[in-house]
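Data first, discussion second: the structure below is written as structure tokens.
The values are calculated or read from the model by the stated rules, or taken from the named source; none is laboratory data. The structure presented is a predicted model; accordingly, all values stated were derived computationally and were not measured. Glycine gets a Cβ as well: all are built from the backbone with ideal geometry, and neighbour counts include every protein chain shown. Ligands, DNA and RNA are stripped out before the accessible areas are found, and what is left, the full protein with its side chains, is counted by its heavy atoms. Shrake-Rupley method; radii C 1.70, N 1.55, O 1.52, S 1.80 Å.
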Amino acid sequence: MIRGVTRRLMLLDTASLYFRAYFGVPDSVRAPDGTPVNAVRGLLDFIARLVQDHRPDDLVACIDADWRPAWRVALIPTYKAHRVAEEAPEAGGVDQEEVPDTLSPQIPVIDEVLDAIGIARVGAADYEADDVIGTLTGRAAGPVDIVTGDRDLFQLVDDERGVRVLYPVKGVGTLRLVDESYVREKYGVGGSGYADLALLRGDPSDGLPGVPGIGEKTAAKLLAAHGDLAGIMAAVDDPAAQLTPAQRKRLAEARAYVEVAPKVVRVAADVALPAFDAALPRSPRDPGAVAALAERWGLGGSLRRLLSTLPG
């Protein structure tokens, strides 16, 4: 799948990027029949720039086979609850995420275009794209660029292994390179400590309550003083440990949350994935399908720009 220590792997958090493309490109960008294709064209242009600027050898579009896995909800019922548009009617079903009306029809088009080009799309039942990214990052033998607008993936940043995040800060046009020095300067922890920080601080966008009264700065100070989440909770039970009475009380009261939250917040690293070819294609896998999709959806310029970046 990843064939050598010198190969550079790029992992796309696909949904994160097409959401940003949707909101960053005007919906006046439409197919010949008037259907909005702003997310499709915006994503294709973004991938073209990424390939041109960063020259990955391998490229994987990681997808959410399940954007709100039941096993995470079982541990923290509020997990992404505010983003549910429709609950699954049967046990084992997948809740429907709230998605803008004019974005939903574009997602299958994105899938078809990536498949026709030959860019690998990889997901796994019961797991989010973050988990696919975590698993592929752990397996990679060379440097990894993770492209995402989700700060949760800062937990994977690792300078020693060459793992960094390319984080869009304005639409999909401007990227911030996130390495360990950035994470430490911004949050006061290294990449490996970011998940513990997020767990303690909480994250309303994901429905994570955090520990009441423990904000980002306090969480960073606690991690600096006690090493990691386990060290902080050990300090709660140690009368001699350097904790204020309020901190000790809040952490003790949140013990049930702290025990289950790591499995929810930390990305999985051992997901069973289907076989796929990660190599950036040298030419389109299905030129006929590419041409048909370009005509049907008015994607000519965006598709040409992306195809022109392929190794050839």
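Listed values, structure above:
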read-out	value
Residue within the stretch 97-107 that is open to solvent by less than 60 Å² (accessible area, probe 1.4 Å), under 19 Å from Leu153 (Cα atoms), hydrophobic (A, V, I, L, M, F, W, C) and modelled with pLDDT of 95 or more present	no
Residue ID - nearest to Cys62 (Cα to Cα), chosen from residues in the stretch 144-187 that are of a type in the set (Phe, Trp, Tyr) and open to solvent by 10 Å² or more (accessible area, probe 1.4 Å)	Tyr167
Val73 vs. criteria over 20 Å from Ala21 (Cα atoms) and open to solvent by less than 50 Å² (accessible area, probe 1.4 Å)	yes
Pair list, Cβ under 7 Å, 6 or more apart: the stretch 55-72 residue under 14 Å from Ala120 (Cα atoms), other residue at pLDDT below 95	Asp57/Arg7; Asp58/Ile2; Asp58/Arg7
Among the candidates Ala220, Ala235, residue that is farther than 24 Å from Arg72 by Cα, modelled with pLDDT of 95 or more, more than 27 Å from the chain's Cα centre (by Cα) and open to solvent by less than 20 Å² (accessible area, probe 1.4 Å)	Ala235
Test result for Arg304, open to solvent by 30 Å² or more (accessible area, probe 1.4 Å), under 30 Å from Pro32 (Cα atoms) and either of a type in the set (Phe, Trp, Tyr) or not in a helix (DSSP H, G or I) (or both)	no
Checklist (1) over 24 Å from Leu310 (Cα atoms); (2) hydrophobic (A, V, I, L, M, F, W, C); (3) open to solvent by 30 Å² or more (accessible area, probe 1.4 Å); (4) modelled with pLDDT of 95 or more applied to Ile63, failing item	(1)
